[in-house]
Amino acid sequence: VQLQASGGGLVQPGGSLRLSCAASGSIFSIELMGWYRQAPGEQRGLVASITSGGSTNYADSVKGRFTISRDSAKNTVHLQMNSLKPTDTAVYYCGLQTANKFYWGQGTLVTVSS
């Protein structure tokens, strides 16, 4: 299983970015896809996730600003990030949970700065 993330970059505070992650390979059953982030000196943590049934979960710090969505037919997950803050600066990682294994994608850097 390979996860290809895209969409990171530099944005000013208050701006928006959309991250995408496409999964490919021998995928038989996806239980959950999500986005996680790691800022310098901090541990990696959940940003948002979405289950195969469409249930979503968000970190408190992003509720109301970020929206996760999924295209099941394309095994793709998106993260729409609005009202970005400097504290959102981090490397964002895509993750995929199957019945018996969790996969990580490569990170994509999001920098929020004026």
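Annotations
- Hits in region 13-31 - residues which are more than 24 Å from N100 (Cα to Cα) and part of a strand (DSSP E or B): L17, R18, L19
- Counting only residues that are hydrophobic (A, V, I, L, M, F, W, C), modelled with pLDDT of 95 or more, within 22 Å of T51 (Cβ to Cβ) and out of contact with any Lys or Arg (no Cβ under 6 Å at 6 or more places or on another chain), region 69-88 holds 2 of them.
- Among the residues examined, L10 qualifies as touching a residue at least 12 places away in the same chain (Cβ under 8 Å), in a strand (DSSP E or B) and exposed (fewer than 14 other Cβ atoms within 10 Å of the Cβ).
- Residue count, region 17-28 (criterion: touching a residue at least 60 places away in the same chain (Cβ under 8 Å) and open to solvent by 60 Å² or more (accessible area, probe 1.4 Å)): 2
- Test for V91: is it of a type in the set (A, V, I, L, M), open to solvent by 40 Å² or more (accessible area, probe 1.4 Å) and either closer than 14 Å to Q4 by Cα or modelled with pLDDT of 95 or more (or both): yes
- If the condition is being of a type in the set (F, W, Y) and farther than 17 Å from T108 by Cβ, then region 35-94 contributes only Y58.
- Among the residues making up region 99-110, those that are surrounded by fewer than 16 Cβ atoms within 10 Å (Cβ to Cβ) and either outside any strand (DSSP E or B) or in contact with a helix residue (DSSP H, G or I) (Cβ under 9 Å, 6 or more places away or on another chain) (or both) are A99, N100, K101, Q106.
The values are calculated or read from the model by the stated rules, or taken from the named source; none is laboratory data. Worth saying up front: this structure is predicted, and the values here are computed from it rather than measured. Note that each Cβ is placed from the backbone with ideal geometry, even for glycine, and that neighbours are counted across all protein chains shown. Accessible surface is based on the protein model in full, side chains and every heavy atom, while ligands, DNA and RNA are left aside. Shrake-Rupley method; radii C 1.70, N 1.55, O 1.52, S 1.80 Å.
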